[in-house]
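Everything on this sheet refers to the single structure shown next.
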Amino acid sequence: MTFRAAILAGLAALSLAGCTTPSAHTPNATEAEIAEAAYRHDGPPAITLYTMINNRSDAGAHSSMMINAPSQRVIFDPAGSVRASWLVEADDVIYGITPKIAEVYEGAHARETYRVRVQRIEVPPEVAEQALRLVQGYGAVSQSQCTVATSGVLKQLPGFEQVSSTWFPNKLADQLAGMPGLEDRVVRDTDADDKRLAIAAYGEELGASGRTQANRAQANQ
């Protein structure tokens, strides 16, 4: 790596505040739990890119994406921090994305310090299934690699040829902007900065006691 490349990589890492925050690693859900949690949404196949943006600096902080495939709907949350005992997750893929869980995910990120840019585009069924296979096979993502992982998946998909690998969440979002049929919106909220409070509140609202982390760990022994 050249000196210039090293500097750029360092600046990229510094800019990704959300991705450099230690991710909430939990033991992987079992195959049986994943199969039980699978949720099929009746909407058209689609890919939704989430970009978390700092309200003070306008810097991108995290990238993730929701995939609505014919077989099931999931969220790929690389090096993410939305984790709870009532969420079924394995290797940064969150399963069982019902409308309520999708709302939980957006709401946990949209708070007084961050907004969420949501870019949704409908895709052919086979492209959605390909995206699902790619994220399931990607493996757990290291800190600072959220946008590298997300862009790395997208650029392999037909129709996303304009996407190139990048460290920067806003740059990835800009690469999707202007795609025919793209829906682009921003989610804002005034919740406290600590997303763990929002996740806990949503858990109580859902009435989902789920498994404790101890039970999950035992299930994976």
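Summary of values
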quantity	calculated
Residues 50, 114 arranged by fewest to most Cβ contacts within 10 Å	114, 50
Full-stretch length increase - residue 103, residue 39 - with 0.36 nm per residue and alpha-carbon distance subtracted	21.6 nm
Under 11 Å, Cβ to Cβ, from residue 92 - net charge with Lys/Arg +1 and Asp/Glu -1	-2
Residue 88 long-range amide H proximity, modeled H, under 5 Å	95
Length released on extending from residue 32 to residue 171, taking residue separation times 0.36 nm less the Cα-Cα span	46.3 nm
Label point distance in nm, residue 164-residue 189, each placed 7 Å from Cα along Cα→Cβ	3.6
Cβ crowding within 10 Å averaged over residues, with 152-158, 34-40 ranked highest first	152-158, 34-40
Cβ-based net charge around residue 143, under 14 Å, with every Lys or Arg adding one and every Asp or Glu removing one	-2
FRET E, pair residue 71, residue 182, Förster distance 22 Å, beta-carbon r, rounded to 0.05	0.40
Most to least packed among 135-142, 56-63 [average Cβ atoms within 10 Å]	56-63, 135-142
Length added when fully stretched, residue 54-residue 91, from 0.36 nm per residue minus Cα-Cα	10.7 nm
Relative contact order of segment 48-141, pairs being alpha-carbon contacts under 8 Å that are 6 or more residues apart, as %	35
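Readers should treat all values here as calculations from the given coordinates under stated rules, not as data from a laboratory. Quick caveat, the model's predicted, so the values are computed rather than measured. Ideal geometry is used to build each Cβ from the backbone, glycine not excepted, and the neighbour counts take in all protein chains shown.
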